[in-house]
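Student: Following this message is one structure expressed as structure tokens.
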Amino acid sequence: MRAVLAQMSGTRHLMASLLYGSGLRLQECLQLRMKDIDLERELIFVRAGKGEKDRVTLLPEALRAPLNEHLQHVRELHASDRAGNVKATLPGALDHKYPNAGREPAWQYIFPSSRLSEDPETGEPRRHHVNESTLQRGVKDAVEASG
């Protein structure tokens, strides 16, 4: 695993490290939001994971600083989105129940997509999480490169 991770960099490296170090599943990692990370206590709150169950897992100490740095970039992207009236997608009917929650920092994805999408119901711009193929392709390339 060290050889594979050594071939990766940036966001893909951070995502793969979280999968390995925290025992997260791919979708659990992609669906993490700002409110799900507790850097102080080094905890990750997984919501509606396998079997629609919630659980808590540990954030490896080695990932605390890189994740904090990554979160700063996410905050900057969110500030830009707020200026453009872009909201994060919300689970279930939360967007109807709390119409402004998608603009709150806590609901922003930790690994946001670089592209905006359009809400099919309202036509409003939304920011979703990165596509799973982004990490899958990165891991596959790293495995091949590491031999």
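The values are calculated or read from the model by the stated rules, or taken from the named source; none is laboratory data. Note that the coordinates shown come from a computational prediction; the quantities given were computed from them, not determined experimentally. Neighbour counts are summed over all protein chains in view; Cβ atoms, including those assigned to glycine, are modelled from backbone coordinates with ideal geometry. Just the protein is used for accessible areas: all its heavy atoms, side chains included, with ligands, DNA and RNA removed. Shrake-Rupley method; radii C 1.70, N 1.55, O 1.52, S 1.80 Å.
Student: Once you list every other residue whose beta carbon is under 15 Å from the beta carbon of Ala79, what net charge do they have if Lys and Arg are +1 and Asp and Glu are -1?
Tutor: Details: positive: Arg75, Arg82, Lys87, Arg103, Arg127; negative: Glu76, Asp81, Glu104.
Local charge sum for Ala79: +2.
Student: Amide H of Asp119 versus every other amide H placed in the peptide plane: which residues, excluding those fewer than 5 positions away on the same chain, fall under 5 Å?
Tutor: For Asp119, whose amide H was placed from the backbone, the distant partners under 5 Å are Glu124, Arg126.
Student: Roll a 1.4 Å probe over the protein chains and send me the accessible area per residue for region 18-147 in Å².
Tutor: Result: 59 Å² per residue.
Student: Karplus couplings for region 34-44 from phi (6.51 cos²θ - 1.76 cosθ + 1.60, θ = phi - 60°), rounded to Hz, Gly and Pro as x?
Tutor: For region 34-44, the Karplus-derived couplings read 3, 6, 8, 10, 10, 5, 4, 8, 6, 10, 10 Hz, x marking Gly and Pro.
Student: On a 0 to 90 degree scale, rounded to 10, what angle separates helix 10-22 from the longest Cα axis of the chain?
Tutor: Its long axis makes an angle of about 80 degrees.
Student: Carbon-plus-sulfur fraction of the accessible area of region 1-128, 1.4 Å probe, in percent? Walk me through the intermediate numbers first.
Tutor: Values: 3830 of 7520 Å².
Accessible surface attributable to carbon and sulfur in region 1-128 totals 51 percent.
Student: Oh, and also: Could you go through region 135-141 in sequence order and give the Karplus-derived ³J(HN,Hα) for each residue, using 6.51 cos²θ - 1.76 cosθ + 1.60 with θ = phi - 60°, rounded to whole Hz, and x for Gly and Pro?
Tutor: 6, 4, 5, x, 5, 4, 5
Student: Okay, moving on. At 222 nm, what helix-only mean residue ellipticity would the chain give, in deg cm²/dmol to the nearest 500, using -39500 (n - 2.57) for each DSSP H run of four or more?
Tutor: When only DSSP H runs of four or more count, the value is -13500 deg cm²/dmol.
Student: What is the sum of charges, Lys and Arg at +1 and Asp and Glu at -1, for the other residues whose Cβ falls under 14 Å from the Cβ of Ala16?
Tutor: Charge balance in the 14 Å sphere: +2.
Student: Restricting to Cα pairs below 8 Å that are 6+ residues apart, what does the relative contact order work out to for region 19-97? Please round to a whole percent.
Tutor: That works out to 20 percent.
Student: Reachable aspartates and glutamates from Lys53, Cα under 18 Å, same-chain residues fewer than 8 places away excluded?
Tutor: Correct list for Lys53: Glu28, Asp36.
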